[in-house]
Amino acid sequence: MFGDLFEEDNEAFLGGGSKTQKGKDSKEDQVEQPPPPRGPVNLSGLKNQGGTCYLNSLLQTLLFTPEFREALFNLGQEELGCLADRNKPGAKVRVIPLELQRLFAQLLLVDQQAASTIDLTDSFGWTSKEESNQHDVQELNRILFSALECSLISTLGHDLINKLYHGIVVNQISCKECGNLSERQEDFLDLTVAVKGVHSLEEALYSMFVEEELFDGNNRYRCSGCNNLVRATKSAKLRHLPPFLTVSLLRFNFDFAKCERYKETGKYTFPLKINLKPFSEQADQAIADYDYELFSVIIHKGGCYGGHYHVYIRDVDELGNWQSPGEEKPKPKMSLKEMKINGLLDLDDPLSIIKTILAKEEGSGVRTDQLGQKLLEQVGISWNKKYRKRYGSIWKFIQQNSDVFYMDSDGSTVHLKCNKKPGLDSDDQTLLSSELLTCTNMSCEGQWFDFNDSIVLPIQIKDIQKQFEGKESAYMLFYRKSCLKRPSDARKNPKFKVPAHLIEETEQENMKLQKLRADFDLAKNLIEIHVHQGSKYHFFNGALHPFDQITSILNLHFDKRKTVRDLREVIYQQLGSKDDGSELTFAKRLPAGLHLYDHLTDDNESINNVGIKQGSDLFLWNGKEVNGVTLKTGIEFEPVLLNIICLNESKEITGGATEFKETQQCFARDTLLHDACEAVIQVEFSKEFNIYHQRKGQKFHSNNWTKYSATDFLKTISDLSLEDGDSILVVNPHNSDSCLLKQSGNELTLVLESEWLEVEYFPNRKSSQNEKKTVKVPADERMLLSEIKLKAIEELELEICLESKSCLRQIDRNGKLLPPVCGDATVNEAGVKLKSTLALCPGCAPTSTQIFLYYIVGADPQTEMEIVVEESTTVKECLKMLLDLTGLKGDCWHLRKVDWCYEVGEPLKQEDAVLKDVNILSGDTLVIAEGKLPPKGFLKLPVWIYPMQSYYSMVDQDYQTDEISYQISKLNISVSDVCEGELQYSGEMEISNEATVEDLKIQAMTLPYLHNISVPSAEFLRAWILEKKRPTKILKGNHNRLKSKELLLKVQMSVPGEKQYYPAEDLIWDTTKECTALALRQRIASHFSLSLDQIDIAKYFPEKFEWMVVSSWTQQVTKRKKRKNKQCLQESPFYLKDGDIIGVKNLLVDSNKEFSTWKDDFGKEKIKQDKEDKKKRGQRVHFENEKTCTEKKPYSRCRKPEATLSINVGVFR
């Protein structure tokens, strides 16, 4: 009635107020948010531009390589140029090293959590979103070094990369005959080492620089010294070691079986310290000159097609604040099944799984015949199902991985080998035992941090051990010579060797950031406060209201970190008056007006602590009265705006409508309901009045009114939980219209003229439109349908006795009368919609124990009729009742049910079951169908007679058929349609489920069709099961001549020189001994009195019109023992069974080994034509819908092409 007047919208009061939500007017949103400062570690990260984690990891490694960083800073602007001149014509500005200097200076000196690499990548020439593509960090390492070398040509830093990273490997071939030594040097900036097949960095280096390759036998070497094919050895050594050794791990490999790349995730250890003397050519230097220390590990997480990079770095100069991250609680050991569930187990790597199983046995090993069972128990995977196809048997897999496993002498037990480095002397072994990363020995100088794009966290050295294996594992290793010592001035000094102009630039950047943070901090703490002046308000209708909505409010933006005293000073300063000791009180805008709550008493508290928030309202007054009216403050006196409604008795009711008197009024929460109602109706209130309550937002004319009891009259508005916008209806029962106010218990329903149901009188089902009478009855959802029916009968002036002999029925959209509705149900319970039409029809509505059904005879819906039966009625009784009603005679009838899509379903076979048990419900339609159901325990079987002669009965008939088929094929007529007719239908018979095959044959002989066929007895009949009108299986009884292992085949001898066959003959083949091709050929050769080498045989597949030659040479041969496996013809690919056709060629008179006939050629052509037509139809549909179906492409696992990585460098020669 009042629209959305009571919606809690504070903007609608006092002229719009303020927006308290943080958004449009928020000062914080108007100020640029500065980058956050550095974290506790005091180290800066790098922002990820979308896919530049690989670049970030390498840049952080270069930054924390002090010798590289300082060498780069030593290059001045006189050599590199100035970035301000980069766009000047003719200016040679080496942009890449300049931007790298600036980025390093920002990372060292600017107080921000993460620096941006946008300027650097722009200097690379990346202008086409290259930064969003993922690339390989090993590839970037080589390309970036090459770009720096090109950029530093003709400068003092031209050899910067060579001095720090350049090394030399020498490959040597030594002749065993003349001693000639052939050498070839290779330069490297990083060493690429294998991961597959090795378990540690030392093992990989050993295989590269210690092991020798021998040229001997058929693989001899032609010596340049003696010019002969001689025995020789090939080896490689490290000739020159750089100060910084970069090691790239080849974790990505290619699977030639799957034709895809994969990542090596097996365990691969590397040391914190390593001595490279065993791998070096020069051995005259001190051992300390070969010592290297690990200082950076770039880590890759993910697969070979994508992932994420981050880096562990040792802070050599101690620029960061390292704090121990705390000891982690030891995680309980997980079983292999738990590792599988948590995704920690690579199911595609059986080697690691078996190693884990054997490692748990702690050296005792596992019996070879029990290893597969252990795999199934601990992982839940069967070797034969998961791995056998790819890796062979588990025994073979163990033998193929002899470098990992070894077996006892008798081969009964398998063990896990220990990793050893054979071939090194004792001194070399001592040098290679260089502090492997184990939990027992993790001591190494330096502080380690994890640089993960913008986030930098301290880590412990033992965390590096977690990167030995798994999907997140080490990818690049960086070592520095142990003899490289840092000056004391560099320790904890980020400004060391940084050029002065870069220091000045970073200081200016820090000052700018400080100002931005201060402005943002102020904007974040600035809130809007609304101060209401008490002198400009007056009190009426239970709340405060302003005289002038504009001048009564003072809007302030104030720092919430300041105190209440500071707020008072600002208020008086804005108002231009002195502090007169007025009170500041919390206020709240309500639908009734402004209400006051608590006073601000402590002037020393901060604004934030006292509860003043964004958009808070404060009221400035003397604390007692406003314009002479004493105010009560607090939530208990909060005004509630109610809608009081009563019948307008001063106006007459016209047209069935009701007039209501509505009043909005505010009442304090401590007001009694009795007093509130009396104040509105302005008459003495008595207990005879009825009071109803409705919540805000409910429809006025609905059934959501709740009656208050007499005890509720003396309760307060707060006790009754009344809220703003609730409605109170006061009714004098003596004057109310009972037709429009319907009471049910404590609930009231108001009925308007617009709520009705139309009732249409149907004297009978086929009433004409002129015979029908219609009336509208006022109704509501809680009204009983029996009341509506009675009112309709009265309005239609029908006989009152019709009430007990009629019912109401709904009408669907097609005009069909639906089942009658129950008169004891309400409109809502019966699912009847108001303002709809009901039909008043003769006949009583079904009771709760009855079912209303439709029924038709045959498939004609025009014959639909209705019936009401008891739920306990059986299917047989229901059929009898329907037959009596329709006048059908005989017992050759049965019932079927029409389903939800109006299709006739299966017969109701359970004749003794009640309707409810066979899921017959009220409103269902039954069909009276012709045909008698077989008795319980009996089957009704159709019987087909197979002709005495085969389809290929005579040669001349077959030839004529082929000629006819050839002619009709031009007319697109199916050959099978013309040649069909082998089977002849002879009727149906009923037979018991318990009957034998002999009984079936005897009963089949009684069929009329078999009277004309001279069959001496049932023993001369053979019973087949038909599938697709083809005999497929013989029913063999207890006394049948055919044994269980005997097959009945149809053999046909081909006509020499013709593509046709003689009539088929039955051949019984005993497969007791074997069912092989050789045995079948011998049986057929014996049948036709021919030798084995004089015949060829083939099986016929009529569905495909194809013949498959059965040869005794089609045997499977295993690779292990080269022995033939006997192939059973009853298995793939022949699947030989009873009734199959076998074609026979007599090679003495027929040299043509082609088995197909003219019929087969026509059939294949027809199949081919059908496929082409289907393909053309599919292409046509695809072409027509191509524009609308582009978004519905089928899912395919396609990856976007990998983009090439390049850095553009200017010409500086």
Per-region count, the range 42-68, residues within 16 Å of residue 493 (Cα to Cα) and surrounded by fewer than 21 Cβ atoms within 10 Å (Cβ to Cβ):
3
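Any chance you could count how many residues in the range 64-92 are of a type outside the set (Gly, Ala, Ser) and assigned to a helix (DSSP H, G or I)?
Narrowing the range 64-92 to residues of a type outside the set (Gly, Ala, Ser): 64-70, 72-75, 77-80, 82-83, 85-89, 92.
Narrowing the set further to residues that are assigned to a helix (DSSP H, G or I) leaves 66-70, 72-73, 77-80, 83, 85.
Going through the range 64-92 one residue at a time, the tally reaches 13.
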Tabulated pairs, the range 911-923, first under 21 Å from residue 891 (Cβ atoms), second not aliphatic (A, V, I, L, M), C-beta under 6 angstrom, 6+ apart or interchain:
911/876; 912/874; 914/872; 914/874; 915/873; 918/910
Please enumerate the residues belonging to the range 206-241 that are closer than 21 Å to residue 138 by Cα and either surrounded by fewer than 18 Cβ atoms within 10 Å (Cβ to Cβ) or within 50 Å of the chain's Cα centre (by Cα) (or both).
208
Count of the range 238-272 residues which are in contact with a strand residue (DSSP E or B) (Cβ under 7 Å, 6 or more places away or on another chain) and either in a strand (DSSP E or B) or at positive phi (or both):
19
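Would you tally the residues in the range 869-902 being among the aliphatic types (A, V, I, L, M) and in a strand (DSSP E or B)? Spell out how you get there, then give the answer.
So the first thing to find is which residues in the range 869-902 are among the aliphatic types (A, V, I, L, M), and the list is 869, 875, 879, 881-883, 885, 888, 895, 898.
Going one step further and asking which of them are in a strand (DSSP E or B), we end up with 869, 895, 898.
Number satisfying all stated conditions: 3.
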The range 610-627 - residue that is β-branched (Val, Ile, Thr) and either under 15 Å from residue 567 (Cα atoms) or without any contact (Cβ under 8 Å) to a residue 40 or more places away in the chain (or both) and, of those, surrounded by the most Cβ atoms within 10 Å (Cβ to Cβ)
612
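Tell me yes or no: at least one residue of the range 119-128 is surrounded by fewer than 20 Cβ atoms within 10 Å (Cβ to Cβ), outside any helix (DSSP H, G or I) and among the β-branched types (Val, Ile, Thr).
From the range 119-128, those surrounded by fewer than 20 Cβ atoms within 10 Å (Cβ to Cβ) are 119, 121-122, 125, 127-128; that's our starting set.
Cutting the leftovers down to outside any helix (DSSP H, G or I) gives us 125, 127-128.
Filter once more, keeping what is among the β-branched types (Val, Ile, Thr): 127.
Checked against the condition, which is being surrounded by fewer than 20 Cβ atoms within 10 Å (Cβ to Cβ), outside any helix (DSSP H, G or I) and among the β-branched types (Val, Ile, Thr), the range 119-128 yields at least one hit.
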May I ask you to list the residues in the range 487-543 that are touching a residue at least 40 places away in the same chain (Cβ under 8 Å) and among the basic types (Lys, Arg)?
491, 492, 495, 497, 517, 524
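Please verify whether residue 107 is in contact with a strand residue (DSSP E or B) (Cβ under 9 Å, 6 or more places away or on another chain) and either in a helix (DSSP H, G or I) or without any contact (Cβ under 8 Å) to a residue 12 or more places away in the chain (or both), treating the condition exactly as stated. First the steps, then the outcome.
Details: in contact with a strand residue (DSSP E or B) (Cβ under 9 Å, 6 or more places away or on another chain): yes; either in a helix (DSSP H, G or I) or without any contact (Cβ under 8 Å) to a residue 12 or more places away in the chain (or both): yes.
Criteria met by residue 107.
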Does the range 539-547 contain any residue that is at pLDDT 90 or above, surrounded by 18 or more Cβ atoms within 10 Å (Cβ to Cβ), under 30 Å from residue 724 (Cα atoms) and out of contact with any Pro (no Cβ under 7 Å at 6 or more places or on another chain)?
yes
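Specify which of the listed residues (358, 347, 375) is touching a strand residue (DSSP E or B) at 6+ places or on another chain (Cβ under 8 Å) and within 21 Å of residue 266 (Cα to Cα). Even if it seems obvious, please write down each step before you answer.
Details: 347 fails: touching a strand residue (DSSP E or B) at 6+ places or on another chain (Cβ under 8 Å); 375 fails: touching a strand residue (DSSP E or B) at 6+ places or on another chain (Cβ under 8 Å).
Answer to the selection: 358.
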Those residues of the range 175-205 which are surrounded by 19 or more Cβ atoms within 10 Å (Cβ to Cβ) and touching an Asp or Glu at 6+ places or on another chain (Cβ under 9 Å) amount to 195
Which numbered condition in (1) buried (at least 20 other Cβ atoms within 10 Å of the Cβ); (2) outside any loop (DSSP other than H, G, I, E, B) is the only one that residue 157 fails?
(2)
Flag for residue 597 being hydroxyl-bearing (Ser, Thr, Tyr), in the same structural domain as residue 544 (by TED's automatic domain parsing) and either touching a strand residue (DSSP E or B) at 6+ places or on another chain (Cβ under 8 Å) or on the phi > 0 side of the Ramachandran plot (or both)
yes
Please specify each residue of the range 139-154 satisfying the condition of being surrounded by 14 or more Cβ atoms within 10 Å (Cβ to Cβ) and either more than 20 Å from residue 1209 (Cβ to Cβ) or of a type in the set (A, V, I, L, M) (or both).
140, 143, 144, 147, 148, 152
Cβ-Cβ distance below 8 Å, separation of 6 or more or different chains: which pairs start in the range 837-852 with a residue that is at positive phi and end on one that is surrounded by 20 or more Cβ atoms within 10 Å (Cβ to Cβ)?
843/806; 843/807; 843/820
Could we say that residue 1130 is in contact with a Leu (Cβ under 8 Å, 6 or more places away or on another chain) and modelled with pLDDT under 80 here?
yes
Which listed residue, of 396, 389, is among the basic types (Lys, Arg) and closer than 24 Å to residue 198 by Cα:
396
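Out of curiosity, is residue 279 at pLDDT below 90, among the aromatic types (Phe, Trp, Tyr) and more than 24 Å from residue 57 (Cβ to Cβ)?
For residue 279, the condition - at pLDDT below 90, among the aromatic types (Phe, Trp, Tyr) and more than 24 Å from residue 57 (Cβ to Cβ) - is not met.
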Residue within the range 1074-1095 that is hydroxyl-bearing (Ser, Thr, Tyr), at pLDDT below 90 and surrounded by 19 or more Cβ atoms within 10 Å (Cβ to Cβ) present:
no
Would you mind stating whether residue 1179 is part of a helix (DSSP H, G or I) and at pLDDT 80 or above?
no
How many of the residues making up the range 911-936 are in contact with a helix residue (DSSP H, G or I) (Cβ under 8 Å, 6 or more places away or on another chain) and surrounded by fewer than 14 Cβ atoms within 10 Å (Cβ to Cβ)?
1
Complete set of residues in the range 787-806 that are out of contact with any helix residue (DSSP H, G or I) (no Cβ under 8 Å at 6 or more places or on another chain) and surrounded by 14 or more Cβ atoms within 10 Å (Cβ to Cβ)
787, 788, 791, 792, 795, 796, 798
Restricting the range 831-864 to residues that are part of a loop (DSSP other than H, G, I, E, B) and of a type in the set (Gly, Ala, Ser), the residue that is nearest to residue 806 (Cα to Cα):
843
Exactly one condition in (1) at pLDDT 85 or above; (2) not in a helix (DSSP H, G or I) is false for residue 793; which is it?
(2)
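The values are calculated or read from the model by the stated rules, or taken from the named source; none is laboratory data. The model shown is predicted, which means the values in this text are computed figures rather than measured ones. In this analysis, Cβ positions are derived from the backbone assuming ideal geometry, glycine residues included, and neighbour counts consider all displayed protein chains.
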